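Step one of this worksheet: look at the structure below.
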Amino acid sequence: MRADWGLSEEKAKLGVEVGAAEQEIISRYDADKDYVVYCGLPCCPTRCSYCSFTTRDAARYADKLELYVDTMLEEAGQFFDGWHNKAAAIYFGGGTPTSLPADLFARYIKGLLELIPHDTDTELTMEAGRPDTLDKENLNLIKDAGFGRLCINPQTMHDASLCAIGRNHTVADTITAFELARETSDFVINMDLIYGLPGEAAGDFLASLDAVLYLGPENITLHSLALKQSARLMEEMSEHDLKTYLGEIHPDIGLERELAEGYKRLRLNEYLPYYLYKQKRSRGALENIGFSKLGCESIYNVLMMSDRFTVIGLGSGAASKFIGPSGVVRQHNSKDLADYINRVSEFVNRKIELQSI
Ligand code: SF4
């Protein structure tokens with residue numbers, strides 16, 4: 001890695017360490033029969049300024065959500081009809097699935113779990129990305145449906161930054177949601193943070209990390225903000241600001257030091273890195289990395305990223321991966337809600353065809 005890619009010794013060591021952790025998880029599964037499932041609900045309470053997903057405002061799309069849930073149930077029912085192999089992991093993401101009203105949310109999770117083959121060994125994760133969407137009612141539904149893992153994503157523990165990125169919730173909401181989740185069940189909780197957010201000064205990211213370490217979730221995932229064309233934030237930046245932000249003019253040494261200090265603090269608190277990936281156009285060309293307490297790693301994250309296991313994606317904008325003799329073949333469901341609903345059988349048939357490559 002050092003010779004071919006010019007990595008620093010520190011990053012090469014990190015790559016080797018994460019590679020070994022991923023390999024250990026992968027070795028527990030059989031790529032010929034094990035697979036993971038992603039269920040996507042592309043709605044959030046508001047749209048974050050950096051969001052590049054096809055998320056929609058849950059309130060504005062309220063009248064379409066029932067039909068959307070019915071369509072996903074149809075997709076799962078048609079695709080998994082006759083399947084016996086149990087999924088290794090099922091991930092409910094989005095968007096924010098917990099932004100659905102409670103009765104529809106119950107129908108969504110129970111309905112899909114009845115159709116996707118799984119058993120008590122299957123890892124079930126619910127992404128409650130926005131802390132302000134969690135309450136006692138949906139937390140109980142998540143627990144009763146058998147989910148063992150929950151993501152509550154603060155992104156930053158600074159109210160001014162939350163407001164600037166359009167997240168419409170506060171640090172207090174994050175703490176309340178975390179405490180409520182702990183009271184409800186012994187979920188393995190993941191919390192995502194973004195480092196180098198626009199408007200944050202030196203030290204702000206480390207202060208957010210310390211606040212999350214104080215809460216003590218089992219997983220902490222650090223993201224370098226990736227700026228894609230579809231993100232609203234892009235419209236607010238000049239070409240020069242963007243290049244500086246992405247580290248294309250010169251590396252952001254301050255941010256790199258802060259990140260290295262963050263890794264140190266995580267290790268001191270017994271979190272180890274187990275999952276790592278890079279995205280194009282990421283802040284300072286830096287990495288996204290998952291840290292976990294030993295034995296609490298997300299199986300879904302590792303298998304899905306490995307490109308060695310089948311991924312079945314359900315819902316608008318969801319991507320499936322099938323492993324053929326010459327590598328990964330992807331199938332994408334339409335990102336347009338109405339188009340996804342109208343063409344769902346076509347997407348199912350394509351997945352069924354690819355299953356036998
Ligand atoms: S929570 Fe995630 S999916 Fe929803 S708007 Fe923000 S970045 Fe997009």
Handout entry: Reachable aspartates and glutamates, given that their alpha-carbon falls under 17 Å from the alpha-carbon of residue 228 and they are not under 8 places away in the same chain
Key = 236, 239, 241, 248, 287
Exercise for the section: Using a cut-off of under 14 Å, list every residue of the stretch 171-195 whose amide N is near the label point 7 Å from the Cα of residue 135 along the Cα-to-beta-carbon line. Expected result: 177
Handout entry: Long-range HN-HN contacts of residue 275 with modeled amide H, under 5 Å
Key = 290
Practice task
Enumerate the lysines that residue 11 could reach by cross-link, defined here as Cα to Cα under 24 Å, with residues fewer than 8 away along the same chain left out.
Solution key: 243, 264, 278, 280, 293
Exercise for the section: Calculate the spin-label point distance for residue 241 paired with residue 103, positioning each point 7 Å from the Cα along the beta-carbon direction, and give it in nanometres. Expected result: 4.6 nm
Fill in the blank from the handout: Rounded to the nearest 10 Å², the 1.4 Å probe accessible area of residue 270 is 130 Å²
Fill in the blank from the handout: In order over the stretch 320-325: 3J(HN,Hα) from phi, Karplus 6.51/-1.76/1.60, θ = phi - 60°, whole Hz, x for each Gly or Pro, gives 10, 10, 10, 9, x, x
Practice task
Using a 1.4 angstrom probe on the protein heavy atoms only, line up 237, 126 by accessible area, largest first.
Solution key: 237, 126
Fill in the blank from the handout: Scanning the chain, every Cys lacking a C-beta partner under 4.7 angstrom -> 39, 43, 44, 151, 163, 296
Problem - Residues in the stretch 267-286 that a label on residue 23 would reach, taking backbone N under 18 Å of a point 7 Å out along Cα→Cβ - result: 273-277
Handout entry: Among 254, 95, 317: highest mean-square fluctuation, GNM of the chain, C-alpha pairs under 10 Å
Key = 254
Completion exercise
Sorted by chain and then number, the residues having a modelled amide H within less than 5 Å of the amide H of residue 226, at least 5 places away or on another chain, are 283
Completion exercise
Counting only protein heavy atoms and rolling a 1.4 Å probe, one gets per residue an accessible area for the stretch 2-354 in Å² of 44 Å²
Practice task
Would you kindly find the accessible area of residue 332, with a 1.4 Å probe and non-protein molecules such as ligands, DNA and RNA excluded, rounding to the nearest 10 Å²?
Solution key: 110 Å²
Practice task
Averaging sequence separations of C-alpha pairs under 8 Å and six or more residues apart, then dividing by the length of the stretch 2-354, give the relative contact order as a whole percent.
Solution key: 20 percent
Exercise for the section: Please give the FRET efficiency for residue 83 paired with residue 186, using the beta carbon to beta carbon distance and R0 = 30 Å, rounded to the nearest 0.05. Expected result: 0.50
Practice task
Answer rounded, prolate or oblate for the stretch 164-298, using the Cα gyration tensor with square roots of eigenvalues a ≥ b ≥ c: rounded when a/c is under 1.5, else prolate when a/b is larger than b/c, else oblate.
Solution key: prolate
Handout entry: Set of lysines with alpha-carbon distance to residue 110 below 25 Å, sequence-local pairs under 8 removed
Key = 33, 64, 86, 136, 143, 321, 335, 351
Problem - Per DSSP, loop trypsin sites (Lys or Arg not before Pro) in the stretch 48-153 with at most 16 further Cβ within 10 Å - result: 60, 86
Handout entry: Listed residues 351, 278 arranged by accessible area, highest first, probe 1.4 Å
Key = 278, 351
Problem - Values of log10 I(q)/I(0), in the order q = 0.09, 0.10, 0.13 Å⁻¹, for the stretch 2-354 under a Debye, Cα-only, solvent-free model - result: -0.49, -0.61, -1.09
Fill in the blank from the handout: Counting only residues 5 or more apart in sequence or on a different chain, those whose built amide H sits under 5 Å from that of residue 41 are 93, 94
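The values are calculated or read from the model by the stated rules, or taken from the named source; none is laboratory data. Keep in mind that what you see is a predicted model, and the values were worked out from it rather than measured. In this analysis, Cβ positions are derived from the backbone assuming ideal geometry, glycine residues included, and neighbour counts consider all displayed protein chains. Heavy atoms of the whole protein, side chains included, go into the accessibility calculation; ligands, DNA and RNA do not. Shrake-Rupley method; radii C 1.70, N 1.55, O 1.52, S 1.80 Å.
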